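Undergrad: Quick one: the structure is below, and I'll ask about it shortly.
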Amino acid sequence: MKYIKILFLFIVVQVTAQQGGMWIPSLLEGMNEQEMTSLGSKLTAKDIYDVNNSSLKDAIGHFNGGCTSEVISPEGLILTNHHCGFGEIQSHSSLENDYLKDGFWAMSKQEELPNENLYIEFIVRIDDVTTKALNGVANTMTEREKQSTIDKNINEIQKTVQKEAWQGVKVKPFYKGNQYFLFVTERFDDVRLVGAPPSSIGKFGSDTDNWVFPRHTGDFALFRIYADKNNRPAKYSKDNVPYKPKHFLPVSLDGVEEGDFTMVFGFPGTTNEYLPAVAIQHITQEFNPSNIAIREAALKEIDAQMKASDAVRIKYASKQARIANAWKKWIGENLGIKKSNAIAERQAFEATFKKALKEKGLEASYGNILPEFEKLYADFAEINIRRRNFIEVFLVNNELMQMMFRAYQLEQVALNKPERFDEAKNSYINRLKGIHKDFDANVDKGVFSNVMPLYNPKNVDASIYEKTSFTNLDNALQLFEGNAKKVVKNLNKDAAYQYAKPMIKEFFTKIDPEFQQKNQPITALQKTYMKALMEALPNARYFPDANSTLRVTYGQVRGYSPRDAVYYNPVSYLDGVIEKYVPGDYEFDVPQKLIDLYEAKDFGQYTDKNGKVPVCFLGTNHTTGGNSGSPAIDAHGNLIGLNFDRVWEGTMSDMNYDPEICRNIMVDARYILFIIDKYAGAKHLIDEMKLVHPKKK
């Protein structure tokens, strides 16, 4: 097989088909369509994205702004990841009804559970509005002036766009602000929980197996969209009816084999594929390690307390998963960058870029870019780390400090915008109640004692937990009775607030302003760099970085070799779940009913040709955060799996996609069906779907 390398993305390209890239679905005609065909796809670009007719894009929904979901029945049944719906599953759980531990299955539509503030958003159409967005922008302007002009243009675009009254609109920058697209959307706010396996299936392997393969996790959950009688978006009402989608995905019973075409369709969050070598070096050798250490310290306390108490386990399940996910991801990202020699490879590309500038006479325009990056990052590194460490301690890992951070913001409203104080106070009180719903002062004190020394080792005072009013919700709420002057006075008497306020003030007055000042020229230079790349190397292929907009990535089912003499087959099986089973273990326990089904070989129609139940499989699709819950789609447009993870070293694909290393992990659709049907006994949900055999045509 002949390979060539294009651009410093290090995307290895087959002569016939590119692997990697997150492509805009409205722009697939031409090269992308040809590449998909060469990989085995039978789909046309219009099958995937069509404004005038039903297409695959109409089945793909943005799940609560952070994950992806897809419609899998004509009655608005939605499939996404267990970890995407984890907060909703947790919110309905209690010691009496422990849906995290036992799972939940609505045996009728009347039993489906509504979820406050949960929404799913579909894309109606995508328009290129670059010319309008950049109208009036001149090189002589400052970056602030440029952005102000663009913001005004975007506001005007959004005001004048043609759309239905119930539809939304947003404009997003692409290629670091060199291009702009408009998205017309439909947002549904009545989304109800239909089914979720127990965590022993949905989170099987937990932290140990997170970001690795072989994986045996049934990471899925089911929801349903409800609409008004006209099939339009509506707030929750008992009168709402199941949504009738423009398109839903049939589910394939034929499964996958190595080499099969796979397409992942979803809303990837953030990537930075066009960073210079100096940025990758800073992130992996300085920035990531400091934040890994903070999360590791927090997890040490949370994990110990969760193992010791079921009440703590329920309260902290979602928080622990969120903290641990990024912690392990950053470790894998660092390993992948090192293994792929990405920094040296990027430096080698930069030499090619400089040569191209010289050959095309572009040195005067762009020759300063790489030296300027070196200078800017040398000055930026320290404040970037300091700012993120603050965020980790005060907003991510420790909840008392989060309460103090928000309280400081409230005080600033009281002092500077008193007319908005009552609104801000009510917002703060609601946030406070939300935190205390799953708050344990003893756990949080342990986290504080572990993480604060990593941010401010000279000032760690855990005694504030015994003195503050904020560890008890009723006591905390008393501080907010009365007018702005009284609330501010009460706050400044509180021990925790007195402790945290100087550090929070430093963040707002010194740390964040310095970060913004030093980050702005880097952002501006990155935009110029993107433009320079396209001019210096015009024949290269460029996909835009992920920005939480709808994208297509395509590849094939492939195993991989993470280490010397080790090769992972692309499919894992239920046999592996039983092999990993450890009775009573919080990561590897297995429900007795699943064991009984396995021993009885009661697998129904959900096996492969060898009579085994597939659980997960690997692909070369280029995914990132936000692709969780994305459908894995076969060559004919059917659902074959559910994307939920990447292999550990492959997490570097956010900066450096390498098809030799990068793999996404998907739950096999047959395992999902097997759990719904045989384990949960929810055959009425199976009957709702359209099951197909595309390989038997």
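Undergrad: Assess whether ALA279 counts as being at negative phi, over 20 Å from the mean Cα position of the chain (by Cα) and in a helix (DSSP H, G or I).
TA: The answer is yes for ALA279.
Undergrad: Which residues, counting only those in the range 142-160, are among the β-branched types (Val, Ile, Thr), surrounded by 16 or more Cβ atoms within 10 Å (Cβ to Cβ) and closer than 19 Å to ILE126 by Cβ?
TA: ILE150, ILE154, ILE157
Undergrad: In the range 181-203, which residue that is aliphatic (A, V, I, L, M) and buried (at least 22 other Cβ atoms within 10 Å of the Cβ) is farthest from ASP585 (Cα to Cα)?
TA: VAL191
Undergrad: Something else: Exactly one condition in (1) assigned to a helix (DSSP H, G or I); (2) at pLDDT 95 or above; (3) over 15 Å from MET503 (Cα atoms) is false for THR471; which is it?
TA: With respect to (1) assigned to a helix (DSSP H, G or I); (2) at pLDDT 95 or above; (3) over 15 Å from MET503 (Cα atoms), THR471 is out only on (1).
Undergrad: Here's something else I'd like to know. Spot the failing condition for GLN320; the list is (1) in a helix (DSSP H, G or I); (2) touching a residue at least 60 places away in the same chain (Cβ under 8 Å); (3) over 30 Å from GLY177 (Cβ atoms), and only one is missed.
TA: Only one criterion is unmet by GLN320, namely (2).
Undergrad: Give the range 584-601 a look and list any residue that's surrounded by 11 or more Cβ atoms within 10 Å (Cβ to Cβ) and in a loop (DSSP other than H, G, I, E, B), or say none.
TA: Hits for the range 584-601 are ASP585, TYR586, GLU587, PHE588, ASP589, VAL590, PRO591.
Undergrad: What pairs can you find where one residue is in the range 39-53 and in contact (Cβ under 8 Å) with a residue 12 or more places away in the chain and surrounded by 22 or more Cβ atoms within 10 Å (Cβ to Cβ), the other is of a type in the set (D, E, K, R) and not in a loop (DSSP other than H, G, I, E, B), and their Cβ atoms are less than 8 Å apart, with a gap of 6+ or different chains?
TA: ILE48/LYS57; TYR49/LYS57
Undergrad: Got a number for residues in the range 288-302 being more than 24 Å from SER628 (Cα to Cα), surrounded by fewer than 18 Cβ atoms within 10 Å (Cβ to Cβ) and under 23 Å from the mean Cα position of the chain (by Cα)?
TA: Of the residues in the range 288-302, 3 are more than 24 Å from SER628 (Cα to Cα), surrounded by fewer than 18 Cβ atoms within 10 Å (Cβ to Cβ) and under 23 Å from the mean Cα position of the chain (by Cα).
Undergrad: Taking strands (runs of 3 or more DSSP E) that fall entirely within the range 152-217, which contain at least 1 residues that are within 30 Å of ALA317 (Cα to Cα) and not aromatic (Phe, Trp, Tyr)?
TA: Of the strands (runs of 3 or more DSSP E) lying wholly inside the range 152-217, those with at least 1 residues that are within 30 Å of ALA317 (Cα to Cα) and not aromatic (Phe, Trp, Tyr) span 179-188, 190-196.
Undergrad: Test ASN547 against the criterion of being within 30 Å of GLU121 (Cβ to Cβ), at pLDDT 95 or above, in a loop (DSSP other than H, G, I, E, B) and within 26 Å of the chain's Cα centre (by Cα), and give yes or no.
TA: Considered against the rule, which asks whether it is within 30 Å of GLU121 (Cβ to Cβ), at pLDDT 95 or above, in a loop (DSSP other than H, G, I, E, B) and within 26 Å of the chain's Cα centre (by Cα), ASN547 comes out as yes.
Undergrad: In addition: Would you please list the contacts, defined by Cβ atoms under 6 Å and residues six or more apart or on different chains, that run from a residue in the range 540-564 that is touching a residue at least 60 places away in the same chain (Cβ under 8 Å) and surrounded by fewer than 24 Cβ atoms within 10 Å (Cβ to Cβ) to a residue that is part of a loop (DSSP other than H, G, I, E, B) and among the basic types (Lys, Arg)?
TA: Between residues of the range 540-564 that are touching a residue at least 60 places away in the same chain (Cβ under 8 Å) and surrounded by fewer than 24 Cβ atoms within 10 Å (Cβ to Cβ) and residues that are part of a loop (DSSP other than H, G, I, E, B) and among the basic types (Lys, Arg), the close pairs are TYR560/ARG663.
Undergrad: Then there is this: Being within 27 Å of the chain's Cα centre (by Cα) and assigned to a strand (DSSP E or B) narrows it down to one of TYR529, TYR554, so name that one.
TA: None of the other options fit; the residue is TYR554.
Undergrad: How about the range 103-146: which of its residues are β-branched (Val, Ile, Thr), touching a residue at least 40 places away in the same chain (Cβ under 8 Å) and under 30 Å from ILE522 (Cα atoms)?
TA: Within the range 103-146, ILE126, VAL129, THR130 qualify.
The values are calculated or read from the model by the stated rules, or taken from the named source; none is laboratory data. These figures come from a predicted structure and were not determined experimentally. Ideal geometry is used to build each Cβ from the backbone, glycine not excepted, and the neighbour counts take in all protein chains shown.
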